[in-house]
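Notes for the one structure printed next.
Coordinate-derived values only; no laboratory data. Quick caveat: nothing in here was measured; it's all calculated off a predicted structure. Here the Cβ positions follow ideal geometry from the backbone for every residue, glycine too, while neighbour counts run over all protein chains shown.
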Amino acid sequence: MAGAPNKRQKREEYRKIHESLKAGGDASAGSRIALPKKKFYRQRAHANPFSDHALEYPASPADMDWSTHYPAFVESKPEAGAPCKMSKDVEIADIGCGFGGLLIALSPIFSNKLIIGMELRFQVTDYVVTRIAALRAQNRDNPQSINDGPGLYQNISALRTNTMKFLPNYFRHGQLSKVFLCFPDPHFKQRKHKARIVSAQLNAEYAYVIRPGGLVYTITDVEELHQWMVKHFDGEEAGDARELWERVTQEELDEDPCVKIMSEETEESKKVTRNGGQKFIAVFRRKENPEWPH
């Protein structure tokens, strides 16, 4: 009796389905498209952000072609070699998106905004991209997709990149309104702290790509990491960045649906809930740019 197909074979099967859907495959088959299974895309939980991953990335935001990510939002196709013109800009980023639970949950809440998941691990990114393609196919005939614009899940996508190195290559100054940092790698050892996704240097980059009034959402089950993030956004470790960030009050958090979503919909948040762990949440608002001294 033949054994079950190995993981690589299953990923290749899902990838072929995904490519077929991107190429405009049989729309009537949408409801029969199965979602990919995470067990075929498992990868080490952590990736070294300082390694050379031979990543492709745009030289500048103007060179980034978003048309393959959001084909329903393509406005026009310019001359050969130039990116397509989009009807909307990407406005929300989930950095370290994992298996895409937050993207899926945010999609119908922000149906008029483009949301991108950014992930360093290849197989995990592959899973998210395939999952989104399957969800789009399954919902092609959904009344909401027909009557309310481009359709369900057309506004989300994912790409493989290293945001610690290339975040400003993707987004213009002040382009983003929300950035999510959900359960980032804690890098417990002190010599690894330089690899944390929150630091004085990286917070300056977040301040560059997030518009005044925009928000950075953080959540972790590691209290020491939570304290680190708070200190580096508006505490004694923030340095000059303290002039650019202020912490959102608890009253505002209670009214923000994004807080509830990121606390419940990511794979890590569900794991913490199952294990009875704590979740530490902090959200920071981008202040108006300080005035230049006279």
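Measuring r between the beta carbons of K270 and V74 and using R0 = 41 Å, the FRET efficiency lands at 0.75.
When each of H187, H173, H232 is scored by the number of other beta-carbon atoms lying within 10 Å, the sequence from fewest to most is H173, H187, H232. The GluC sites (Glu not before Pro) of region 167-238 that DSSP puts in a loop, and whose beta carbon has at most 10 other beta carbons within 10 Å, are E236.
Computed from the Cβ-Cβ distance with R0 of 22 Å, the FRET efficiency linking F166 to D65 stands at 0.90. Listed from fewest to most Cβ neighbours within 10 Å, the set I156, I109, I132 follows the order I109, I132, I156. For the set K194/K231; K231/K287; K231/K271; K88/K165, the pairs lying more than 20 angstrom apart at their alpha carbons are K231/K271; K88/K165. Sorted largest first, the spans of the alpha carbon positions of region 189-275 along the three principal axes are 38, 34, 21 Å. The chymotrypsin sites (Phe, Trp or Tyr not before Pro) of region 186-294 meeting both criteria, a DSSP state outside H, G, I, E and B (loop) and at most 14 other C-beta atoms within 10 angstrom of the site's C-beta, are F188. Here the Kirkwood formula puts the hydrodynamic radius of region 82-286 at 17.6 Å, using every distinct Cα pair.
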